[in-house]
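Peer 1: Right, I'll just put the structure down here and ask away after.
Please treat every number below as a calculation from the coordinates, not as lab data. No experiment lies behind these values; they were computed from the predicted model shown. Using ideal geometry, Cβ is built from the backbone for each residue, glycine included, and neighbour counts are taken over all protein chains shown.
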Amino acid sequence: MPFAIYALALAAFAIGSAEFVISGILPPLAESLAVSIPTAGLLVSAYAAGVAVGGPIIAVATARFSQRAVLVGVMLVFGVAQVLCALAPDYNMLLLARLLSACAHGVFFGAGNIVVVSLVPPERRGAAFSMFISGITLANLLGLPGGTALGVAFGWRTTFLAVGALGLMAAVVLFFRIPHAQATDGPRPSFSAQLQELKHQQVWLSYLTIALVMVGSLAFGTFQVPILTEITGLPLDLVAIYLLIGGLGSVAGIFLGGRGTDWKPMPTLITVLLLQALFYFTMLFAMHDKLTMTVNLLLTSIVSYAFSTPLQARILAAAHKAPNLASSLISAAFNVGIALGAFIGAAALNAGMSYAQIPVIGIVASLAAATTATLSFVLERRAKRLAAA
């Protein structure tokens, strides 16, 4: 595996930590800024919306530039944005700083996917994508619990400073380890021409599947700390350990997803989505006991991260003539789902739903995602049969 893939994984770890750690420090952050926990949870939705809107626009604008330069530049912006988050005097300023960070996030994963595709042959892309995405996995394994523990011990602003330092360090590593590349030669495809590459059902149904999965994941994930403390009965200082267990599951999930992509991607994907629905269902009962919640949290984390690699590889294969736009829209799809999931979770809680009922959103979203993935697979197989006839 080229060392540049590991450098990209480090940067993905920094960005993933910034996105996910907000859920771990939500209670002290809400108290410090004098807002409710559901209102603080909207910082997740705003961040995700920034990724979904800003990422594709900037990615198209920077398509002709060296992706190495783009990656280093956005990581520098990302690091500065974390420092601004740490210094934010109130909720509104924190929201603006998070939006700046979100724009860098959206561009990074689009450019990163392009570099991964250019560094490895097609038969190794499943493993390469898994390694790249493992940075996000490690953000769940180490960044989320570590940032949570740091925020509980020294204050939530310290968490953002630590993530900012990590982002700036990642920018330095990318500068030295990503191979030099020239700007794209020849005329850049028009935006309308790039959009034509997205007309394949394998692309847009995959985007829809990603968004649906993330609705369920973030409806639960955004409020997992109050769920663990108020429903499962954990003391706040032990929550980081449970988040670490969830992170271990995400490591296993991303590994299995990569292997499934190189084997039979669509059967792997559909199976994973059905298992997600099952484990959200069992969570309704498991969350009332510490031991069963531990097991359920681990299993849910495994399947919640096994789905992404098959879908990303599917999109990039179907839209290979518009890699920048297609890649940035992968990140956009994830973050549309993240924004909706956090928003729906907050709205449900404000409307009277209890923390114990939040997994119901995950059940519905996972079954809907399994339906769209199955439809896409059936349409693809039918098209192949017609072409062979």
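Peer 1: To the nearest 0.05, what FRET efficiency results for residue 90 and residue 384 with a Förster distance of 56 Å applied to their C-beta separation? It would help to have the intermediate numbers written out before the result.
Peer 2: Details: r = 56 Å, r/R0 = 1.00.
Efficiency, from the Cβ-Cβ distance: 0.50.
Peer 1: How high is the relative contact order of the chain? Use alpha-carbon pairs under 8 Å, at least six apart in sequence, and give a whole percent. Present the calculation step by step, with values, prior to reporting the outcome.
Peer 2: Working: 696 pairs, mean separation 110.1, N = 389.
The normalised contact order for the chain reaches 28 percent.
Peer 1: Could you give the length gained by full extension between residue 118 and residue 263, i.e. 0.36 nm per residue of separation minus their alpha carbon distance, to one decimal place? Provide the component values of the computation, followed by the final result.
Peer 2: Values: separation 145, 0.36 × 145 = 52.20 nm, distance 2.11 nm.
That works out to 50.1 nm of additional length.
Peer 1: Between rounded, prolate and oblate, where does region 292-389 land on the alpha carbon gyration tensor, with a ≥ b ≥ c its root eigenvalues, rounded for a/c under 1.5, else prolate if a/b exceeds b/c?
Peer 2: prolate
Peer 1: If the cut-off is 23 Å between C-alpha atoms, which lysines fall inside it for residue 264, apart from same-chain ones fewer than 8 positions away?
Peer 2: Hits, sequence-local ones excluded: 384.
Peer 1: Follow-up question, since we're still on this one. Can you give me the distance in nm between label points at residue 271 and residue 241, each placed 7 Å from the Cα along the Cα-to-Cβ direction?
Peer 2: With each label placed 7 Å out from Cα toward Cβ, I get 3.3 nm.
Peer 1: Using +1 on the beta carbon of Lys and Arg, -1 on that of Asp and Glu, and nothing else charged, what's the dipole of the chain about the Cα centre, debye to 20?
Peer 2: Values: 18 positive and 11 negative charges, 248 e Å.
I would put it at about 1200 debye.
Peer 1: A follow-up question, please. Calculate for the chain the 222 nm mean residue ellipticity that helices alone would give, adding -39,500 (n - 2.57) per DSSP H run of length 4 or more and normalising by residue count, nearest 500 deg cm²/dmol. Spell out each step's value before the answer.
Peer 2: Values: 17 runs with 319 residues, N = 389.
Taken over the chain, the calculation gives -28000 deg cm²/dmol.
Peer 1: Classify region 103-172 as rounded, prolate or oblate from the Cα gyration tensor: take a ≥ b ≥ c as the square roots of its eigenvalues, call it rounded if a/c is under 1.5, otherwise prolate when a/b beats b/c and oblate if not. Please report the intermediate quantities before stating the final value.
Peer 2: On the way: a/c = 3.52, a/b = 2.12, b/c = 1.66.
Judged from the Cα gyration tensor, region 103-172 comes out prolate (a/c at least 1.5, a/b above b/c).
Peer 1: Can you pull the three principal axis extents for the Cα set of the chain, in Å, largest first?
Peer 2: The Cα atoms of the chain stretch 58, 45, 35 Å along their principal axes.
Peer 1: So, one more: Expected output is a single nm value to one decimal: the length gained when fully extending between residue 230 and residue 6, i.e. 0.36 nm times separation in residues minus the C-alpha distance. What is it? Could the numbers behind the result be given before it?
Peer 2: Numbers: separation 224, 0.36 × 224 = 80.64 nm, distance 3.85 nm.
Working it through step by step, the gained length comes to 76.8 nm.
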